[in-house]
Amino acid sequence: MRVAMIGTGYVGLVSGTCFADFGHVVTCIDKDAGKIDALNAGTIPIFEPGLQDLVAKNVAEERLFFTTKAEDAIKDADAVFIAVGTPTRRGDGHADLSYVYAAAEEIAGLIDGFTVIVTKSTVPVGTGDEVEAIIRKTNPDANFAVVSNPEFLREGAAINDFKRPDRVVVGTDSEDAVGVMRELYRPLYLNETPIIVTRRRTSELIKYAANAFLAVKITFINEIADLCEKVGANVQEVSKGIGLDNRIGSKFLHAGPGYGGSCFPKDTLALSRIAADANSDLKIVDSVIEVNAARKKKMADKVIDFMGGDVNGKTVALLGLAFKPNTDDMREAPSIDIVEKLQAAGAKIRAYDPASMEEAGHMMTDVFFCDGPYHAIENADVVVIVTEWDQFRALDLERVKSLLKAPKVVDLRNIYTQDYMAAHGFEYTSVGRSY
């Protein structure tokens, strides 16, 4: 099939590349000429394991193309995906749908013959109705169907998530559109991937509900971690004890500095605003938003308390800046709030991250970015592990101790244990573990 993918951001680029790898002919479209030129030159604008090689393979096999010119790609397409950004709108917390609506207007004047227009972007309930109305108004004679097909990609594991998903959600009343979507995802039949067909508004809500529920799990275990510290328990053992219950499950029960990234902060806030507009309280989601925002700053307090209540003039070495490993995404990363509060308390920051330092440089000031973990640790007063990159899991602790002014480690990801660090001569604290 022929696919046009509008937007070459995270979702558009990964989805377009994977569809091409399924055997479809995909043209990715973006108005940013610099980004398109870079992609055509083989430069990938995001860090995602395996993506560069997959793009190169499908470009070489002439199934994947990049362009700023939408006309031919949309005219010839069986399906046109809208995969543009829906950032939080300034001032009110709603999703900014201006890019989605602009894409709909452009599509309307270019489609030829029956075309399925798919919203891949995360959009509030009712957005598909508005997209349909825009296209109908712009081109009353157009033969089309608007489908909601939310993405469930985890940064750092996006290719596997696309090719081996838990489910594919398709929201539409059009049987013809369902046929097109089933053909697009036909390669997944080998894995017996469930395709859930719903009404469009239900599909739009599924994405928000899924992300909000995962954010609730993260925030819940973080609050349990705080309780563990007060009562002398171990949050990792609590997590294991409850996670083995099949009704709960073990995923997203890892205590840490709070959630960040491009999805959970934005989507929980948007869902809260959707509910408010519908006069339907989502008090749990509202509490999660509040608790998570406070938690990031609380992690800086944890460092300050560990240092005897004063970090003025002290050098803090941060290991990890991105909101999670295997990505360069700094959006809403806990490290931003941690750095800001430590600097306000007078600390000097040295930092290292394998992928996100360039992006972090646009968001942080007066941070000395280092060439590696040991460079960051050199002459620091304390090490703070913020992101659980694999290369931080087996540090040469004797070397670490020799480089530090004092053997102090704050582990916000619980990748070491109290006994192990004590045996190596460190003062050590972690999250939610009194032993």
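Which ones in region 385-406 are open to solvent by 40 Å² or more (accessible area, probe 1.4 Å), free of Cβ contacts under 8 Å to residues at least 60 places away in the same chain and either in contact with a Ser or Thr (Cβ under 7 Å, 6 or more places away or on another chain) or not in a helix (DSSP H, G or I) (or both)?
Once the filter is applied, which keeps residues that are open to solvent by 40 Å² or more (accessible area, probe 1.4 Å), free of Cβ contacts under 8 Å to residues at least 60 places away in the same chain and either in contact with a Ser or Thr (Cβ under 7 Å, 6 or more places away or on another chain) or not in a helix (DSSP H, G or I) (or both), region 385-406 yields 393, 394, 396.
So for region 373-381 (the condition being at pLDDT 95 or above, open to solvent by 10 Å² or more (accessible area, probe 1.4 Å), of a type in the set (D, E, K, R) and closer than 30 Å to residue 209 by Cβ), does at least one residue qualify?
Just the residues of region 373-381 that are at pLDDT 95 or above, to begin with: 373-381.
Okay, now just the ones that are also open to solvent by 10 Å² or more (accessible area, probe 1.4 Å), so 373-375, 378-379, 381.
In the following step, the residues that additionally are of a type in the set (D, E, K, R) were identified as 378, 381.
Adding the requirement that they be closer than 30 Å to residue 209 by Cβ leaves none.
Among the residues of region 373-381, not one is at pLDDT 95 or above, open to solvent by 10 Å² or more (accessible area, probe 1.4 Å), of a type in the set (D, E, K, R) and closer than 30 Å to residue 209 by Cβ, which makes the answer no.
Count, please, the residues in region 374-403 that happen to be within 19 Å of residue 256 (Cβ to Cβ) and in contact with a Pro (Cβ under 9 Å, 6 or more places away or on another chain).
Matching residues across region 374-403 total 9.
Might you check whether a residue that is of a type in the set (Gly, Ala, Ser), farther than 19 Å from residue 7 by Cβ and not in a helix (DSSP H, G or I) occurs anywhere in region 175-187? Outline the logic, then answer.
Looking only at region 175-187, we keep the residues that are of a type in the set (Gly, Ala, Ser), and these are 177, 179.
From what is left, the residues that are farther than 19 Å from residue 7 by Cβ are 177, 179.
Pick out the ones that are also not in a helix (DSSP H, G or I) and you get none.
Checked region 175-187: no residue is of a type in the set (Gly, Ala, Ser), farther than 19 Å from residue 7 by Cβ and not in a helix (DSSP H, G or I).
Consider residue 78 carefully, then state whether it is modelled with pLDDT of 95 or more and either in contact with a strand residue (DSSP E or B) (Cβ under 9 Å, 6 or more places away or on another chain) or within 20 Å of residue 99 (Cβ to Cβ) (or both).
Details: modelled with pLDDT of 95 or more: yes; either in contact with a strand residue (DSSP E or B) (Cβ under 9 Å, 6 or more places away or on another chain) or within 20 Å of residue 99 (Cβ to Cβ) (or both): yes.
Judged against the criteria, residue 78 is a match.
The rows are residues; the columns are (1) surrounded by fewer than 17 Cβ atoms within 10 Å (Cβ to Cβ); (2) touching a residue at least 12 places away in the same chain (Cβ under 8 Å); (3) of a type in the set (Lys, Arg).
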| site | (1), (2), (3) |
| --- | --- |
| 7 | no, yes, no |
| 11 | no, yes, no |
| 24 | no, yes, no |
| 28 | no, yes, no |
| 46 | no, yes, no |
| 52 | yes, no, no |
| 57 | yes, yes, yes |
| 70 | no, yes, no |
| 83 | no, yes, no |
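In region 236-272, what count of residues is obtained for those that are open to solvent by less than 20 Å² (accessible area, probe 1.4 Å), over 22 Å from the mean Cα position of the chain (by Cα) and not polar (S, T, N, Q)?
Selection size over region 236-272: 1.
Answer with yes or no whether residue 364 is part of a loop (DSSP other than H, G, I, E, B), in contact with a helix residue (DSSP H, G or I) (Cβ under 6 Å, 6 or more places away or on another chain) and open to solvent by less than 10 Å² (accessible area, probe 1.4 Å). I'd like the intermediate steps shown before the answer.
Details: part of a loop (DSSP other than H, G, I, E, B): yes; in contact with a helix residue (DSSP H, G or I) (Cβ under 6 Å, 6 or more places away or on another chain): yes; open to solvent by less than 10 Å² (accessible area, probe 1.4 Å): no.
The answer is no for residue 364.
Scan (1) over 30 Å from residue 276 (Cα atoms); (2) of a type in the set (Lys, Arg); (3) assigned to a loop (DSSP other than H, G, I, E, B) for the single condition residue 154 breaks and write down its number.
The number of the failed condition is (1).
Kindly indicate whether any position in region 212-235 is in a helix (DSSP H, G or I), in contact with a Leu (Cβ under 7 Å, 6 or more places away or on another chain), among the β-branched types (Val, Ile, Thr) and crowded, with 21+ Cβ neighbours inside 10 Å. Walk me through it before giving the result.
Initially, region 212-235 is screened for residues in a helix (DSSP H, G or I), giving 212-231, 235.
Right, trim to in contact with a Leu (Cβ under 7 Å, 6 or more places away or on another chain) and you get 212, 217, 221.
Imposing the further condition that a residue be among the β-branched types (Val, Ile, Thr) reduces the set to 221.
After this cut, where a residue has to be crowded, with 21+ Cβ neighbours inside 10 Å as well, the list is 221.
Checking region 212-235: at least one residue is in a helix (DSSP H, G or I), in contact with a Leu (Cβ under 7 Å, 6 or more places away or on another chain), among the β-branched types (Val, Ile, Thr) and crowded, with 21+ Cβ neighbours inside 10 Å.
crowded, with 22+ Cβ neighbours inside 10 Å, of a type in the set (D, E, K, R), over 22 Å from residue 380 (Cβ atoms) and within 17 Å of the chain's Cα centre (by Cα): is that true of residue 328 in this structure?
Numbers: crowded, with 22+ Cβ neighbours inside 10 Å: no; of a type in the set (D, E, K, R): yes; over 22 Å from residue 380 (Cβ atoms): yes; within 17 Å of the chain's Cα centre (by Cα): yes.
Spelling it out, it is not the case that residue 328 is crowded, with 22+ Cβ neighbours inside 10 Å, of a type in the set (D, E, K, R), over 22 Å from residue 380 (Cβ atoms) and within 17 Å of the chain's Cα centre (by Cα).
Spot the failing condition for residue 39; the list is (1) among the hydrophobic types (A, V, I, L, M, F, W, C); (2) surrounded by fewer than 23 Cβ atoms within 10 Å (Cβ to Cβ); (3) in contact (Cβ under 8 Å) with a residue 40 or more places away in the chain, and only one is missed.
(3)
Listed here are the residues, each with its yes/no results for (1) surrounded by fewer than 18 Cβ atoms within 10 Å (Cβ to Cβ); (2) part of a helix (DSSP H, G or I).
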site	(1), (2)
101	yes, yes
105	yes, yes
110	no, no
123	no, no
129	yes, yes
137	yes, yes
140	yes, no
160	yes, yes
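Could you list all residues from region 281-313 that are basic (Lys, Arg) and either open to solvent by less than 40 Å² (accessible area, probe 1.4 Å) or assigned to a loop (DSSP other than H, G, I, E, B) (or both)? Give the derivation first.
Going through region 281-313, the residues basic (Lys, Arg) turn out to be 283, 295-298, 302.
295, 296, 302, listed by residue number.
Quickly run through region 81-116 and pick out the residues that are touching a strand residue (DSSP E or B) at 6+ places or on another chain (Cβ under 6 Å) and more than 15 Å from residue 29 (Cα to Cα).
Across region 81-116, the qualifying residues are 86, 115, 116.
Testing residue 316 on (1) crowded, with 18+ Cβ neighbours inside 10 Å; (2) touching a residue at least 40 places away in the same chain (Cβ under 8 Å); (3) in a loop (DSSP other than H, G, I, E, B), one condition comes back false. Which one is that?
In the conditions (1) crowded, with 18+ Cβ neighbours inside 10 Å; (2) touching a residue at least 40 places away in the same chain (Cβ under 8 Å); (3) in a loop (DSSP other than H, G, I, E, B), residue 316 misses (3) alone.
Residues 154, 201: which one is touching a residue at least 60 places away in the same chain (Cβ under 8 Å), closer than 25 Å to residue 284 by Cβ and open to solvent by 80 Å² or more (accessible area, probe 1.4 Å)? First the steps, then the outcome.
On the way: 154 fails: touching a residue at least 60 places away in the same chain (Cβ under 8 Å).
201 is the lone residue from the list that is touching a residue at least 60 places away in the same chain (Cβ under 8 Å), closer than 25 Å to residue 284 by Cβ and open to solvent by 80 Å² or more (accessible area, probe 1.4 Å).
Taking residue 380, is it part of a loop (DSSP other than H, G, I, E, B) and within 20 Å of the chain's Cα centre (by Cα)? Give the steps one after another, and end with the answer.
On the way: part of a loop (DSSP other than H, G, I, E, B): yes; within 20 Å of the chain's Cα centre (by Cα): no.
For residue 380, the condition - part of a loop (DSSP other than H, G, I, E, B) and within 20 Å of the chain's Cα centre (by Cα) - is not met.
Being on the phi > 0 side of the Ramachandran plot and either assigned to a helix (DSSP H, G or I) or not acidic (Asp, Glu) (or both) is the filter here, so list the residues in region 44-94 that pass it. Reasoning before the result, please.
Restricting attention to region 44-94, the residues satisfying the condition of being on the phi > 0 side of the Ramachandran plot are 50, 62, 91, 93.
Within region 44-94, 50, 91, 93 meet the criteria.
The values are calculated or read from the model by the stated rules, or taken from the named source; none is laboratory data. Since we're looking at a predicted model, the values are computed, not measured. No Cβ is skipped: glycine too gets one built from the backbone with ideal geometry, and neighbour counts run over all protein chains shown. Calculation scope for accessible area: heavy atoms of the full protein, side chains included, ligands and nucleic acids excluded. Shrake-Rupley method; radii C 1.70, N 1.55, O 1.52, S 1.80 Å.
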